[in-house]
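**Q** Following this message is one structure expressed as structure tokens.
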Protein chains: 2
Amino acid sequence: MKTYLECIPCFFRQALEASQIAGTSIVKQKEILDKVAVEIPLFSLAATPPEMGRLVHDIVRKITKKKDPYLKVKAKSNKLALGIKNDLKNKVRRSKNRLLTAVELAIAGNIIDYGVKNTLDVNKELNKILSKEEKIIKKEDPALFQFKQFKSKLSKAKTILYLGDNVGETVFDSILLEEIKEMYPEKEIEYAVRAAPIINDALAEDAYKAGLDQYAKIITSGVDAPGTILSLCSQTFLKKFNNADLIISKGQGNYEALSQESGPIFFLFMAKCPVIAKHLNCDIGNIILKKI
Amino acid sequence: MKTYLECIPCFFRQALEASQIAGTSIVKQKEILDKVAVEIPLFSLAATPPEMGRLVHDIVRKITKKKDPYLKVKAKSNKLALGIKNDLKNKVRRSKNRLLTAVELAIAGNIIDYGVKNTLDVNKELNKILSKEEKIIKKEDPALFQFKQFKSKLSKAKTILYLGDNVGETVFDSILLEEIKEMYPEKEIEYAVRAAPIINDALAEDAYKAGLDQYAKIITSGVDAPGTILSLCSQTFLKKFNNADLIISKGQGNYEALSQESGPIFFLFMAKCPVIAKHLNCDIGNIILKKI
């Protein structure tokens, strides 16, 4: 997805929020916004939003001298998600359509996001999704929730590449991967995380904490951006990306980075900002399951 | 009021909204945002938000080559407000406390604003204010609605300088000035407008359209900013500003520009953004009547 003009004010909001999370002074916060301002005229709208997100957070890290400003935030998200892991498992076990419930939960977990403005309440959103409110899943537009196609593709795929997104959301991913492994123990699954700290995105250690290594091999994309920007990925990762029978891409950032690519990709995310809602013709808060 | 860091993303939002209202191309819109970005590192947080607002809208006018991008918007606001003028007059006539109702209406008129994000509904807000909901007038904090002090100062003042704000709001101002003139026909009132087009702020022609010349002498501040920035005002205006017995300052922009000055100023406005709400310790949508 290209960058819309409406993303520009949001880059500054993100930079400011990240500076504040990093706990730096007002003077340093202004210095960060000034540096972001210098990047704006150099930034092409043909680039994707995560490319600018990468620059913004690189500036924040350099000026605050904090390698991982979201460390505490991530620990909190991990704790929150691990605390409800058994409830999530039970929801799937009690469901009449276990795969569907596991998919919905995996998407619901995408609300744990500190890139997009985090005004959504995790528990409230979870309940809304599980009560399957009409307005959460846009039933009038089947192109935005392609579960049948996903189920069919999943049944045939031998190799699955799962692109992770945020910390905490990883726990929700583990619920889906557990279900997939129970249905198809023979599938070869790899779970890709970012290569370096970026916002609250999951790193290898977070994937292990969520227990994802029980169902998948943990790999990194080689990328330090809040989205799988292929031009920045490692050769090893790209080989896997090009050869996987099914790619499950989690989160808005991965959608923004990959929506113009091709391949057997299904995007699972929640539409969390007005720009993406307009781009997809849906509402903020809608859950999306969309083939490329 | 100084500029807060949270104002910076908002300057870009305002620039984008203004470019879109001016009806210019995406390429020109990006050019405008790039020019605003160049100004950010040069802009001191010790300056007031309307100083940056002035720069932003100057950039928009220069790049779009439109001297008054808000011309249509202003005509619409004038029509809307003139259409309900008689209803407003009747509300005052039927009131048991006519001056209070006229003051409340004048503040209510401040919701017609295209600088701050305009998500408020004029009629809905009017009704809320006239039903005097607790949450609109912050009764627990008498410092934010100083009607008694205002009434007392008004009764003693021989000369009144009224600083206008937006087009349409001018009609609401005329209701208050009519009431004041009926109570005190001898008072000398001057109504100050901006000297050149800036957002949807009132110019002399708008004051005449609202019928304000029946109650006050129409003057200009000499300023082309969305707030009365004293360093930019004409000498003629400054003399009036320094000698008036009472200054009625309308709108958030005038508050932002003048809150650190001294003098017999009462600010009448609606708190319309999170920054000002935090600054005043009130909620967005609260109506404010505050002595300097």
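The values are calculated or read from the model by the stated rules, or taken from the named source; none is laboratory data. All values reported here derive from a predicted model rather than from experimental measurement. Here the Cβ is made from the backbone with ideal geometry for all residues, glycine too, and neighbour counts use every protein chain on show. We work out accessible area using only protein heavy atoms, side chains counted, and drop any ligands, DNA or RNA first. Shrake-Rupley method; radii C 1.70, N 1.55, O 1.52, S 1.80 Å.
**Q** So, of the residues in segment A:1-22 that are open to solvent by 30 Å² or more (accessible area, probe 1.4 Å) and in contact (Cβ under 8 Å) with a residue 12 or more places away in the chain, which turns out to be farthest from the other protein chains (Cβ to nearest Cβ)?
**A** The extreme case among them is A:Ile21.
**Q** Does at least one position in segment A:194-204 carry a residue that is surrounded by fewer than 17 Cβ atoms within 10 Å (Cβ to Cβ) and in contact (Cβ under 8 Å) with a residue 40 or more places away in the chain?
**A** no
**Q** May I pose another question? Yes or no: A:Ala46 open to solvent by 40 Å² or more (accessible area, probe 1.4 Å), under 18 Å from B:Lys30 (Cα atoms) and within 13 Å of another protein chain (Cβ to nearest Cβ)?
**A** So A:Ala46 passes the test.
**Q** Right, next: In segment B:46-62, what residues are hydrophobic (A, V, I, L, M, F, W, C) and without any contact (Cβ under 8 Å) to a residue 40 or more places away in the chain?
**A** Hit for segment B:46-62 is B:Leu55, nothing else.
**Q** Condition check: out of contact with any strand residue (DSSP E or B) (no Cβ under 9 Å at 6 or more places or on another chain) and at pLDDT 95 or above. Does A:Glu182 satisfy that?
**A** yes
**Q** Working carefully through the options A:Lys66, A:Lys30, A:Lys62, find the one that is crowded, with 16+ Cβ neighbours inside 10 Å and more than 23 Å from the chain's Cα centre (by Cα).
**A** Of the residues listed, the single one that is crowded, with 16+ Cβ neighbours inside 10 Å and more than 23 Å from the chain's Cα centre (by Cα) is A:Lys30.
**Q** Could you identify the single residue in A:Lys35, A:Lys72, A:Lys79 that is within 9 Å of chain B (Cβ to nearest Cβ) and open to solvent by 40 Å² or more (accessible area, probe 1.4 Å)?
**A** A:Lys35
**Q** Just to be sure before I move on: is A:Ser95 among the hydroxyl-bearing types (Ser, Thr, Tyr), out of contact with any strand residue (DSSP E or B) (no Cβ under 6 Å at 6 or more places or on another chain) and over 26 Å from A:Ala195 (Cα atoms) in the structure I sent?
**A** So A:Ser95 fits the description; yes.
**Q** Which residues, taken from segment B:156-184, are surrounded by fewer than 20 Cβ atoms within 10 Å (Cβ to Cβ) and part of a helix (DSSP H, G or I)?
**A** Correct list: B:Lys156, B:Glu178, B:Lys181, B:Glu182, B:Met183.
**Q** May I pose another question? With the checklist (1) surrounded by fewer than 22 Cβ atoms within 10 Å (Cβ to Cβ); (2) among the small types (Gly, Ala, Ser); (3) facing chain B (nearest Cβ under 9 Å) in hand, flag the one item A:Ser25 doesn't pass.
**A** Here A:Ser25 meets the rest and fails (3).
**Q** Follow-up. Filter segment B:259-281 for residues that are surrounded by 22 or more Cβ atoms within 10 Å (Cβ to Cβ) and in contact (Cβ under 8 Å) with a residue 60 or more places away in the chain; which is nearest to B:Cys7 (Cα to Cα)?
**A** Within segment B:259-281, the match that is nearest to B:Cys7 (Cα to Cα) is B:Ile276.
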